[in-house]
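Here's the structure, in structure tokens; my notes come after.
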Amino acid sequence: MTAELITEAGAAPEAPAHGRQVRRRLYADRMAMAGLVVAVLMLVAALIAPLLIHLEGQDATAYHPELLDSARGGVPRGSFGGASGAHWLGVEPTTGRDLFARALGGARISFLVAFGTLIVQILLGVGVGLAAGLGGKVADAFLGRLIDLAISFPQLIFAIALLAIVPGTFPRPLLLMMVIGLFGWGGTARLVRGQVLSLKTRDYVSAARLSGASRARIAVYEILPGVSAPLVTYAALLLPSNMISEAGLSFLGVGVRPPASSWGQMLSTATTWFQADPTYVLVPGLLLLLNVLAFTLLADGLRTALDPKAPSLRGGRR
Amino acid sequence: MTRYLLRRFASTVVLLVVMVAFVYVIFYALPSDPAVLVCGKGCGGGQLAAIDHKLGLDQPEYLQFWHFLEGIFVGRDYSSGPDVSHCAAPCLGFSFQNDQPVLSLIGQRLPVSLSLTFGAMVLWLLIGVSAGVLSALRAGRFTDRVVTAVSVLAFGAPIFVSGLLLLMLFCGYLHWLDFPVYVPFTEDPAAWAKNLLLPWFTLAIAQSAIYARLTRSGMLETLSEDHIRTLRAYGLRERRVVGRHALRGTLTPVITITAYDFGYVLVGAMLTETLFGLPGLGQLIVQSSNNVDIPVVAGLTLVAGAAIVVANTAADLLYAVIDRRVVLA
Amino acid sequence: MSERVMSTDGRRVLSVRDLTVEFPGDGDTALRAVDGVSFDLAAGGALGIVGESGSGKSTTALALLGLHRHSSARVSGEILLGEDDVNALDDESVRRLRGRRIAMIFQDPMSALDPYYRIGDQISEVYRTHTGAGRRAAWAKAVQVLDRVGIPDAARRARARPHEFSGGMRQRALIAMALACEPQILVADEPTSALDVTVQAQILDLIDELRTETGMALLLVTHDLGVVSRSVERVLVMRDGRAVEQGPVGEVLKAPAEPYTRALLDAVPRLDGPGREPRAPGEPLLTVTGLTREFRQPGGGLRREVLRAVGDVSLDVRRGETLGVVGESGSGKTTLARMIVRLLEPTHGSIVFAGQDITRLPERGMRAVRRDLQMVFQDPVSSLNPRRTVGDSIADPLRVQGTGDREALRTARDLMERVGLDASRHDRYPHEFSGGQRQRMGIARALSLRPKLLVCDEPVSALDVSTQAQILELLGDLQEEYDLTIVFVSHDLAVVRQVSDRVAVMHDGELVELADAADLYASPRHEYTRTLLAAVLAPV
């Protein structure tokens, strides 16, 4: 009910943007480019994380009690959370694990879950949306209701319940993808269905019917191309939102489980340390913030580049 | 109107039954033993069986589900050996954890969630709508850029990040506030407000960003409509064109979303409540889910669904009152 | 040529000198929408500004009220309203002028009023802004002007909101708003273009009456030469932002000095213009019997109201002829056209095409029939897929029907040449073409399968009059060449007369009259046909 008011892209642009034009507009968008640079750096860092950690000479699980001040309850010795040449971002309080290594581990989880979830959302959302839009009246009535249901469901509650109950042996990242995806495909489906229903009434679709084209041909040649542009921008916005979902669930203690690390989970333990060891809050907090922002800006830039007339997140460039 | 309300009521009941059924399926399709949870690890087979019987866990799942529904509408009896305890309608059952009635658990926590939601809502409406209007009226200029930049930042910041940063700043660094502890309004209104300041702002920051964007785009769209041009062509003062005519068109979707968000935040402010240790409904959901406390989760789901649907219905009705062109069907 | 004529009685209420409006384009370029236009409007006089789309006529009208202020447009020149130069005054002074001394009504009455407020409130608000009158007095004024413009039961209807009014009523309400402060000048920007022809006649009559009664001057902006000749004394012809010609309406329209005006006039279809050569009636190619289409109204559970869009229509279309179908909006003409080509399923009745009953033919069986039964659509924007090249769009029907890809594209290029397009542009996308060019592509696509029957649904109503004439001529040529039978649906009686052998008149979903074109226009038998014909305006 709310989702579409905030995020749904408008109708297909009258003059569709083509590859070169989109790239030119995107390159000219400084905010989007900044987002792109940060996003790519983060992605690369996450991909080569083992190499970087090896370079630092640490690992994510080794305890370093010698670096902690047991008199002050296990706060790292030294300023900035014990940052040093050996531990670039310092160490964790109470355990002394290397923060750089754990933060990189968190980045890997964040990307893995965000992209994996996106795949689930797109598969489910596009499948149901297309079936509703292209199927008959009965299919649409039923699937339309299902989409409404999926959107008005209190998703987070179910996600938490489901995550709490699945046995610990099940791989957590995979489970997170399935759960967030399972409760988060409604928006995509609604977008696709709305777009299909609107495109179906265009005269060029009637013209295709008049030429005797089959339903499948009409779907592939006349309708799908019109769905793709808004879908791309919507999907790009889903990525940062998935990152937040993963971090949130991990923060609540139902996401990624130790010894694996996640930014949300780090922040959850950091809650009690914000006075004694601010670095411990800032490292995962700012990384998450930076990553989400980068992807949001990129997505918004993409949306503006694909359809200059669509309302932008930033706007003011009309 | 009556017809609309009846239909809405019917679909609400269906939605709620589906949701509760969903909770049951989730919890029973997966291996877990509530009796162990109730009793603790040390219990033997006999004790477990007794608990199973008392809670009705020895019955087939569909019967348990039926009894649960029955409890809501007519109440139900729980028996453990000779004593029978009656739970009057609407009965949501008892917590596996501590045997308290679910309804009273929810009742205890509702004031906390209401306090949090209501205060935050006032804030986010004030901040969001005024920032959005300002930004639209100065579209493309400096003010607009600042507002939009701040709202992108606020939009991108997860609640537990912005909340932690606020905590660090105001409690850890400036020492203006203590770590929030919930004080009931009835005990000390001033302490109530002071302790809720940080949670309110934390929630409001994220929400304001959405409302500012919504208001800005709505305002720009309304301002570009033909009837606004007519009003200008007839010499109405700009203040009146914007304040009376453009704002009305803009606020309609904002009101719809506010009603929806109120319902959702009331039961779903889990992150804020967990972060600040506020004993509200969201925190209860997290705790009981972690403990596989099925009756509590089911009851909360029901309340959450009901709150959201009721808020939606209220929004639709309000919408129809504001915009007479809307036909309720 | 900018001939400067002083108004007859010497007293001018409006005098425009060298008006230029520029919109910034990409980079340093600026689009000059209005380029050095000058004209005068006498007290109580009426000036028409005519031109095709993009001629700058509406931009000129908006500039008179200073409505380009605070937009990106740059306005220069003098706009003298009495002693005041609208272009030089400060914002507040311009605001005071608007509605009080110069009022404006707009093209689309559907969107020109605020949907959230009662009509009476909107008019009182304007009145109070300029007079400082009290609520009661302002409301009384609103009711009075609404009554004056012919809103029945004005005291009650003033409480209605715009969506409760029909299009014609809303335009009346807007005129009432203009009347409220008794302005000296009424600027009407295409006031009747969105209205049906019978409603148009009523609105123009009303404006006439009000002029004589209040002595206000009228500046009428329109694309319709018929409306101009009916309603104004002087006319200014605009093209590409420039004034082409101006003078008394009789002189300019009877004996235009400029070739452009001449061409414009020649392009306008007339009720008294040449019709088609009568031809020998062929045997029926298409026969519809008792065709009916009902739509369920949304909402309302079991007792849903059923709307009968087309009711019990029976007619023949003879091989080789053009059957015109005319009607106002809501007459069911488009629904009928869509049923004939089986885009819509009829509720009752039968369609027999080339001896075969196709009423309930399943889609698989229809495929072969589709070759012979094609359609040209109204909207040149939505009738071509924006994401396919125009060559592909034209070739697609052939591909669907099994022609090889290379062969299909070759035919598509040939067809592009035939309809007057540059075939080398076959790999471009539709948005790079103008409306007229797109309509040519729509025709080329419909012809690609060499159909027997072509149904054209308002094929020229989205086009300017000169483009319209070219498309009509093209259709006529193609009909000969491809041996086509055409069903031509339109709201425009003059256009239908020009292209049709026989004409069917539809009203409220029913066929009220069907006759040979010459007979129908010379001696209409049905009352409604007579009303329609009487409402048509011809230039001169």
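The values are calculated or read from the model by the stated rules, or taken from the named source; none is laboratory data. Note that the structure is a prediction, hence the values are computed from the model and not measured. For neighbour counting, all protein chains shown are included, and Cβ atoms are generated from backbone atoms with ideal geometry for every residue, glycine included.
The table that follows gives values for the structure above.
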quantity: Odd one out for A:G129, checked against (1) of a type in the set (G, A, S); (2) farther than 30 Å from A:R217 by Cβ; (3) surrounded by 21 or more Cβ atoms within 10 Å (Cβ to Cβ); calculated: (2)
quantity: Close pairs from the range B:125-147: first of a type in the set (D, E), partner in a helix (DSSP H, G or I), Cβ under 7 Å, at least 6 apart; calculated: B:D144/B:S135
quantity: From C:E164, C:E213, residue being closer than 25 Å to C:A43 by Cα and free of Cβ contacts under 8 Å to residues at least 60 places away in the same chain; calculated: C:E213
quantity: Strands (runs of 3 or more DSSP E) wholly inside the range C:216-309 containing at least 3 residues that are within 14 Å of chain B (Cβ to nearest Cβ); calculated: none
quantity: Condition check for C:L219: of a type outside the set (F, W, Y) and under 17 Å from C:G168 (Cβ atoms); calculated: no
quantity: Subset of the range A:257-282 [buried (at least 24 other Cβ atoms within 10 Å of the Cβ) and not in a helix (DSSP H, G or I)]; calculated: A:S261, A:S262, A:D277
quantity: Top-ranked residue of the range C:100-138 - restricted to ones that are at the interface with another protein chain (Cβ under 8 Å from one of its Cβ atoms) and touching a Pro at 6+ places or on another chain (Cβ under 7 Å), ranked as nearest to C:L210 (Cα to Cα); calculated: C:A103
quantity: Which listed residue is within 26 Å of the chain's Cα centre (by Cα) and among the hydroxyl-bearing types (S, T, Y), from A:S214, A:S228; calculated: A:S228
quantity: Condition met for A:I223 (more than 14 Å from chain C (Cβ to nearest Cβ) and either closer than 18 Å to A:L163 by Cβ or not small (G, A, S) (or both)); calculated: no
quantity: Total residues in the range C:379-423, condition assigned to a helix (DSSP H, G or I) and of a type outside the set (S, T, N, Q); calculated: 24
quantity: Odd one out for A:V138, checked against (1) farther than 24 Å from B:M270 by Cα; (2) in contact with a Gly (Cβ under 6 Å, 6 or more places away or on another chain); calculated: (2)
quantity: Helices (runs of 4 or more DSSP H) fully within the range B:218-329 counting 1 or more residues that are within 13 Å of chain C (Cβ to nearest Cβ) and closer than 30 Å to C:S124 by Cβ; calculated: B:226-233, B:247-268, B:294-322
quantity: Whichever residue in the range B:183-205 is in contact (Cβ under 8 Å) with a residue 60 or more places away in the chain and surrounded by fewer than 21 Cβ atoms within 10 Å (Cβ to Cβ) and, among such residues, is farthest from B:I127 (Cα to Cα); calculated: B:P184
quantity: Subset of the range C:379-423 that is more than 8 Å from chain A (Cβ to nearest Cβ) and polar (S, T, N, Q) - its residue that is nearest to the chain's Cα centre (by Cα); calculated: C:T389
quantity: Some residue of the range C:360-368 being assigned to a strand (DSSP E or B) and away from every other protein chain (no Cβ under 11 Å); calculated: no
quantity: Scan of the range C:424-450 for residues that are within 12 Å of chain A (Cβ to nearest Cβ), surrounded by fewer than 20 Cβ atoms within 10 Å (Cβ to Cβ) and part of a helix (DSSP H, G or I), ordered by number; calculated: C:H431, C:E432
quantity: Exclusive hit being closer than 19 Å to C:E209 by Cβ and charged (D, E, K, R), set C:R148, C:R128, C:R156; calculated: C:R148
quantity: Residue match in the range C:226-246 (condition: surrounded by fewer than 17 Cβ atoms within 10 Å (Cβ to Cβ) and free of Cβ contacts under 8 Å to residues at least 60 places away in the same chain); calculated: no
quantity: Of the criteria (1) in a helix (DSSP H, G or I); (2) surrounded by fewer than 17 Cβ atoms within 10 Å (Cβ to Cβ); (3) not charged (D, E, K, R), which one A:Y63 fails; calculated: (1)
quantity: Within the range A:138-220, helices (runs of 4 or more DSSP H) holding 3 or more residues that are in contact with a Ser or Thr (Cβ under 6 Å, 6 or more places away or on another chain) and away from every other protein chain (no Cβ under 11 Å); calculated: A:172-182
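Yes or no, residue by residue, for (1) closer than 30 Å to A:T269 by Cβ; (2) modelled with pLDDT of 80 or more; (3) surrounded by fewer than 23 Cβ atoms within 10 Å (Cβ to Cβ):
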| position | (1), (2), (3) |
| --- | --- |
| B:F262 | no, yes, yes |
| B:L271 | yes, yes, no |
| B:T274 | yes, yes, no |
| B:G277 | yes, yes, yes |
| B:L281 | yes, yes, no |
| B:T313 | no, no, yes |
| B:Y319 | no, no, yes |
| B:R325 | no, no, yes |
